[in-house]
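Remarks on the structure that follows.
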Amino acid sequence: MRALKIAVIGCAIALGVVGVGVAARGSRNAPAAVTPHALGGAAGEARLAIWVDAGGGVFRSKGVSSISHPAIGRYCITPTDPSVLSNGVGVVSVDWDDSSGNGLYAFWGGAGFQCSAGTTSVRTFLLRSGGGGGGGPQVNPSDNVAFTLVIE
């Protein structure tokens, strides 16, 4: 477990989401000031890394050929190196600064869950309290979730 924590921290540092990444983005409380741009711009040792805003705009990426957003809460990412899909280990995290709401989730779908062949997927959700048939919480796909995916 300690090795996994060290690896995740190392990935975060390599992507610049700690320290330098914050300074480059400006105010952490002003996501509207951040403008998504084209694929590319990320450095580090990860085989694939992508930082996506709520709704699918790409802030930075590495090892990504394209990204599509075919449905609410579903993102399909095509790597430049297809071997990432067969032997990579991925970690996805909600970017709370660029997301909207509470009870947000992001899940890595591995080899393209509900996406075309040759892609990997991320699914994003919002937990809402009440409103279900039994009045319990509901988990709904959401486009209000920004995320970072790193695959080693």
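The numbers here are math on the coordinates, done by the rules we state, and not lab data. Quick caveat, the model's predicted, so the values are computed rather than measured.
Global size of region 72-152: 14.1, 46 Å for Rg and Dmax (C-alpha atoms, Rg to one decimal, Dmax whole).
Straightening the chain between Ser86 and Phe107 buys 5.8 nm, computed as 0.36 nm per residue apart minus the Cα-Cα spacing.
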